[in-house]
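Colleague: Quick one: structure below, then a few questions.
The values are calculated or read from the model by the stated rules, or taken from the named source; none is laboratory data. In this text, all values refer to a predicted model and were calculated from it rather than measured experimentally. Because the Cβ atoms are built from the backbone with ideal geometry, glycine has one as well, and the counts that use them run over all protein chains shown. Just the protein is used for accessible areas: all its heavy atoms, side chains included, with ligands, DNA and RNA removed. Shrake-Rupley method; radii C 1.70, N 1.55, O 1.52, S 1.80 Å.
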Amino acid sequence: MGQPGWKGVIEEYRSFLPVDETTPVVTLFEGGTPLVPAPRLSERVGAEVRLKVEGANPTGSFKDRGMTLAISKAVEAGAEAVMCASTGNTAASAAAYAARAGIRCVVVIPEGHVALGKLSQALVHGAEVVPIHGSFDDALAIVRDIEAVGPAVVVNSINPHRVMGQMSGAFEIVDELGDGPEVVCIPVGNGGNITAHWRGYVEYRSMGRARTLPRMFGFQAAGAAPIVEGRVIEEPDTVATAIRIGNPASWYAAAAAASESGGAVEKVTDEEIVRAYRLLAAEEAVFCEAASAASVAGLLKTGAPAGCRVVCVLTGNGLKDPTLAMSHVTVPQAVDATSASVLRALGW
Ligand code: AN7
């Protein structure tokens with residue numbers, strides 16, 4: 001996406017990524033997502049808040065930033081299949097980029113806990129979907145297990161190329177602001193993205209492209225907050241199914257990113273998440289996923305120093321989970337097809 005002429009994450013940030021002229025670039029022109037000022041939210045928290053709208057990526061989430069590199073490197077290495085466990089977005093992204101590359105894609109998902117939009121994407125792009133009677137954590141354990149015997153490259157964020165590609169989210173923010181923001185708020189599931197963004201800021205500063213580093217604040221859902229509670233959550237539960245994860249793959253890296261930056265990983269309740277989700281849609285006109293709204297719920301809960309520059313990373317598109325959206329609104333009844341009936345329905 002991005003500006004006209006935007007070439008996708010690998011071409012735009014080639015010098016920061018492990019590619020050379022022989023790497024086959026599999027891209028859907030991901031990245032270049034809008035950094036939207038949030039005037040009403042800024043007023044509420046007394047800071048200068050911007051929203052990084054990752055739902056504007058080709059498959060509707062930030063996963064595309066890492067997937068372009070993971071799939072390109074898999075193809076370069078001669079892989080004919082990729083595989084992932086997923087709460088939905090990784091599956092949708094892997095399915096799309098594998099389709100583009102013309103290779104097989106296997107996704108293992110927790111049955112009944114993947115939002116409709118994400119499941120439909122994986123299926124329509126032609127992935128082989130295996131739902132399990134278990135959680136995301138069970139699915140990831142299975143995928144790791146199969147990797148040892150199977151012919152497929154794993155494209156979860158345990159694949160280092162995923163995290164490298166996702167550094168581009170931070171690069172874009174600095175490119176646009178001219179420096180790092182003071183505070184970044186970001187949802188945490190497996191912890192890959194907070195790790196990637198932090199590494200992106202550190203990398204950019206070491207190259208002289210930024211002078212300052214942000215404090216990174218990660219937010220987990222209260223029913224799925226293993227990092228905050230310091231223990232594996234056996235039966236994670238939250239309305240934000242994208243981050244319904246009890247044993248994060250990048251646990252230590254995520255915790256280190258938060259603490260090295262002078263930030264923290266904290267938790268927000270489902271109620272706080274839904275309030276932020278609705279507020280973003282109604283007041284800022286950005287329809288994001290519930291998981292994404294955890295970043296804003298966290299900002300509203302913990303606040304930010306007066307006047308500082310805050311970026312909330314809105315990781316996925318609200319259209320991914322129409323079922324959740326519809327459960328929080330009143331669905332109007334149909335009326336007769338006359339002007340009079342419509343006027344009556346409106347109380348005019
Ligand atoms: C919208 O798709 O784990 O902390 O399997 O879809 O890097 O895991 C998704 C995670 C935040 C958390 N927001 O990012 C998957 C998956 C959205 C997400 C996260 C996810 P990480």
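Colleague: List, in the order given, every pair from Lys52/Lys301; Lys7/Lys73; Lys7/Lys320 whose Cα-Cα distance in the structure shown is over 27 Å.
Modeller: From the list (Lys52/Lys301; Lys7/Lys73; Lys7/Lys320), the Cα-Cα distance tops 27 Å for no pair.
Colleague: Sticking with this one: Which value, in debye to the nearest 20, gives the size of the charge dipole of the stretch 123-180 about its Cα centre, when Lys and Arg are +1 and Asp and Glu are -1 at the Cβ?
Modeller: So the dipole magnitude of the stretch 123-180 works out to roughly 220 debye.
Colleague: What number in nm² do you get for the stretch 63-215 if you take the convex hull of its Cα atoms and divide its surface by four?
Modeller: 9.5 nm²
Colleague: Might you tell me the accessible area per residue for the stretch 197-286, computed with a 1.4 Å probe and given in Å²? Please report the intermediate quantities before stating the final value.
Modeller: Details: 4100 Å² over 90 residues.
That works out to 46 Å² per residue.
Colleague: What aspartates and glutamates could a cross-link reach from Lys118, if we take a straight Cα to Cα line under 12 Å and drop same-chain neighbours fewer than 8 places away?
Modeller: Lys118 reaches Glu289, Asp321.
Colleague: Give the accessible surface of the stretch 1-104 per residue, rounded to a whole number of Å², with probe radius 1.4 Å and ligands, DNA and RNA excluded.
Modeller: With all protein chains present, the stretch 1-104 gives 37 Å² per residue.
Colleague: For q values of 0.12 Å⁻¹, compute log₁₀ I(q)/I(0) with the Debye formula on a Cα-only model of the stretch 175-236, without solvent.
Modeller: -0.37
Colleague: Sort 120-131, 313-324, 271-282 by packing, meaning the average of other beta carbons within 10 Å per residue, with the highest value first. Mind dumping the intermediate values first?
Modeller: Details: 120-131: 17.3, 313-324: 23.2, 271-282: 19.5.
Result, highest mean Cβ count within 10 Å first: 313-324, 271-282, 120-131.
Colleague: Okay, moving on. Could you tell me which residue out of Pro131, Asn159, Ala256 lies farthest along the dipole of the stretch 131-265 toward its positive end? Charges go on the beta carbon: Lys and Arg +1, Asp and Glu -1, centred on the Cα centre.
Modeller: The one lying farthest along the dipole's positive direction is Ala256.
Colleague: If you don't mind, there's one more thing I want to ask. Hey, with R₀ at 45 Å, roughly what FRET efficiency would Asp237 and Ala285 work out to, going by the Cβ-Cβ distance, to 0.05?
Modeller: Given R0 = 45 Å and the Cβ-Cβ separation, E is 0.90.
Colleague: Name the long-range amide H neighbours of Glu266: under 5 Å, sequence gap of 5 or more, or other chain; modelled H, no Pro or chain starts.
Modeller: Long-range HN contacts for Glu266: Gly218, Phe219, Gln220.
Colleague: Dimensions of the chain along principal axes (Cα, Å, largest first)?
Modeller: On the principal axes, the chain reaches 65, 46, 46 Å in Cα extent.
Colleague: When the dipole is taken about the Cα centre of the stretch 1-118, and only Lys, Arg (+1) and Asp, Glu (-1) are charged at their Cβ, what size is it in debye, to the nearest 20?
Modeller: 300 debye
Colleague: What are the ³J(HN,Hα) couplings of the stretch 216-229, residue after residue, when phi is run through the Karplus curve with 6.51, -1.76, 1.60 and θ = phi - 60°? Round to Hz, x for glycine and proline.
Modeller: Rounded to whole hertz, the list is 9, 10, x, 10, 9, 6, 4, x, 8, 10, x, 5, 5, 8.
Colleague: Where the accessible area of the chain is counted over protein heavy atoms with a 1.4 Å probe, how much of it, in %, is carbon and sulfur?
Modeller: Using a 1.4 Å probe with all protein chains present, the chain comes out at 54 percent carbon and sulfur.
Colleague: In whole Hz, what ³J(HN,Hα) sequence does the stretch 109-122 give by Karplus (6.51, -1.76, 1.60; θ = phi - 60°), x for Gly and Pro?
Modeller: 10, x, 4, x, 10, 10, 4, 3, x, 5, 5, 5, 4, 4
Colleague: Using the Cα centre of the chain as the reference point, and only Cβ charges (+1 on K/R, -1 on D/E), how large is the resulting charge dipole? Debye, rounded to the nearest 20.
Modeller: 500 debye
Colleague: Hey, another quick one. Based on Cα positions only, what radius of gyration and what Dmax would you give for the stretch 153-299, in angstroms?
Modeller: Over the stretch 153-299's Cα set, Rg and Dmax evaluate to 14.9, 44 Å.
Colleague: Highest first, please rank the peptides 78-89, 221-232, 200-211 by the mean number of other Cβ atoms sitting within 10 Å of their residues. Numbers along the way, then the final one.
Modeller: Details: 78-89: 23.8, 221-232: 19.2, 200-211: 16.8.
With the highest mean Cβ count within 10 Å placed first, the list reads 78-89, 221-232, 200-211.
Colleague: Could you tally the net charge around Val25, taking each other residue with its Cβ under 15 Å from the Cβ of Val25, Lys/Arg +1 and Asp/Glu -1? Don't skip to the end; give the middle numbers.
Modeller: On the way: positive: Lys7, Arg14, Arg65, Lys73, Arg100; negative: Glu11, Glu12, Asp20, Glu21, Glu30, Asp64, Glu76.
Local charge sum for Val25: -2.
Colleague: Taking H placed 1.01 Å from N in the peptide plane, check which residues at least 5 places from Val108 or on another chain put their amide H under 5 Å from its amide H.
Modeller: Placed amide hydrogens put Cys84, Ala85, Ser86, Val130 under 5 Å from Val108.
Colleague: For Cα pairs less than 8 Å apart in space and 6+ apart in sequence, what is the mean separation divided by the residue count of the chain, i.e. the relative contact order in percent?
Modeller: Numbers: 764 pairs, mean separation 65.6, N = 348.
Relative contact order of the chain: 19 percent.
Colleague: Got a sec to turn the phi values of the stretch 32-48 into Karplus ³J(HN,Hα) couplings, 6.51 cos²θ - 1.76 cosθ + 1.60 with θ = phi - 60°, whole Hz, x for Gly and Pro?
Modeller: Once θ is set to phi - 60°, the couplings for the stretch 32-48 become x, 7, x, 10, 9, x, 10, x, 6, 5, 4, 5, 4, 9, x, 9, 9 Hz.
Colleague: Enter the Cα centre distance for the pair the stretch 147-171 and the stretch 230-250, rounded to the nearest angstrom.
Modeller: A separation of 20 Å, based on Cα centres.
Colleague: Could you run the Debye sum over the Cα atoms of the stretch 2-88, one equal point scatterer each and no solvent, and tell me log10 of I(q)/I(0) at q = 0.12, 0.19, 0.26 Å⁻¹, two decimals?
Modeller: -0.48, -0.91, -1.26
Colleague: Then there is this: So who's got an amide H within less than 5 Å of the one on Ala224, skipping anything under 5 residues away but keeping other chains? H placed 1.01 Å off N, in plane.
Modeller: Asp237
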